[in-house]
Amino acid sequence: MVNILLVEDESKIAAFIEKGLTESGFHVQVADDGQKGKVCFLQNKYDLIILDVMLPYLDGISLCKFIRSKDEKTPVLMLTALGTVDDKVTGLESGADDYLVKPFQFRELKARVNALLRRTEIEKEEEPQMLTFSDLTMDLNSKRVWRDDQELILTAREFTLLEYFLKNPGKVLSRQEIAEKVWDINFDTGTNVIDVYVNYLRNKVDKGFDKKLIQTQIGMGYVLRE
Ligand code: CA
């Protein structure tokens, strides 16, 4: 369940937001001053934080800066009754991702919340990761590949080609698909560039290993398979 921290000292506004977000299926924790908000942030994990700017004990801008010093990723939506350009700039400079001026309609808030959560989802998907298959390991972050404990030195194109195989294990990939996905070109039947590169890659991935991972599916294409 999506967990949201709402730091808002005006109880009516807090209740209105909490009710709406809860009815939309979110879990909401309310802190009614900046200091409590800080404690909540330190003790729990949230998917999104909604911060009022004017708060007792610790204002929203300072709290946002504190949050950003600990955590760069969790989206922060600022709320304020002021809404001048300067306040907006200050809010965004403090590390907030978006800004909403009071008074607002709940559906505006919900649209912002959904947009921020969606952005985080996309960023998560794009986060560097490891791809593995059998004894092959690819680190998309450092662009390095290993088979067993041995590092494979690949060219950029070979790396992209192997990445495509690793993202589609067990699936027969036609030359046409490979050309489109790896070379970003329309397949020209007159060229054997795909076969040439698959062979380059095989020489690095499979040569010297008993188990061949990049296999030919005659008349259809190639497949990463044990
Ligand atoms: Ca306030």
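From the gyration tensor of the Cα coordinates in the range 1-120, what semi-axes in whole Å does the equivalent ellipsoid have, largest first, with each one equal to sqrt(5λ)?
18, 16, 15
Amide H neighbours of residue 221 under 5 Å, at least 5 residues apart or on other chains, H built in the peptide plane: list them.
none
Would you mind checking the tilt of helix 193-205 against the longest principal axis of the Cα atoms of the chain, expressed as 0 to 90 degrees and rounded to 10?
80 degrees
Say we join alpha carbon atoms closer than 10 Å with springs in a Gaussian network model of the chain; which of 173, 51, 77 then has the biggest fluctuation?
Looking only at 173, 51, 77, the biggest GNM fluctuation is shown by 173.
With everything on Cα atoms, drop me the angle between helix 34-43 and the longest principal axis of the chain, reported from 0 to 90° to the nearest 10.
Tilt relative to the chain: about 30 degrees.
So who's got an amide H within less than 5 Å of the one on residue 31, skipping anything under 5 residues away but keeping other chains? H placed 1.01 Å off N, in plane.
For residue 31, whose amide H was placed from the backbone, the distant partners under 5 Å are 6, 7, 8.
Only Cα pairs under 8 Å and at least 6 apart count here; give the relative contact order of the chain as a rounded whole percent.
12 percent
In what order, largest first, do 212, 102 sit by accessible area if the probe radius is 1.4 Å?
Ranked from most to least accessible, the order is 212, 102.
Sequence-distant or interchain residues sharing an amide H contact under 5 Å with residue 2, placed H: which?
Residues meeting the amide H criterion: 27.
Give me the 1.4 Å probe accessible area per residue for the chain, excluding ligands and nucleic acids, in Å².
On a per-residue basis, the chain sits at 56 Å².
Which entries of 143/204; 38/110; 19/65 have Cα-Cα distances beyond 21 Å here?
The pairs that break the limit, which is 21 Å between Cα atoms, are 38/110; 19/65.
Report, in degrees rounded to the nearest 10, the 0 to 90 angle that the Cα long axis of helix 60-70 makes with the longest principal axis of the chain.
Tilt of helix 60-70: around 30 degrees.
Using just the helices of the chain, give the 222 nm mean residue ellipticity in deg cm²/dmol: DSSP H runs with n ≥ 4 each add -39,500 (n - 2.57), and the total is spread over all residues, rounded to 500.
-12500 deg cm²/dmol
Please report, in Å, the Rg and the Dmax of the chain, where both are computed over Cα atoms only.
25.3, 72
When the accessible area of the chain is computed with all protein chains present and a 1.4 Å probe, what percentage of it is carbon and sulfur?
Within the chain, the accessible surface is 49 percent carbon and sulfur.
The values are calculated or read from the model by the stated rules, or taken from the named source; none is laboratory data. All figures in this text were calculated on a predicted structure; none of them were measured in a lab. Only protein heavy atoms, including side chains, enter the accessible area calculation; ligands, DNA and RNA are left aside. Shrake-Rupley method; radii C 1.70, N 1.55, O 1.52, S 1.80 Å.
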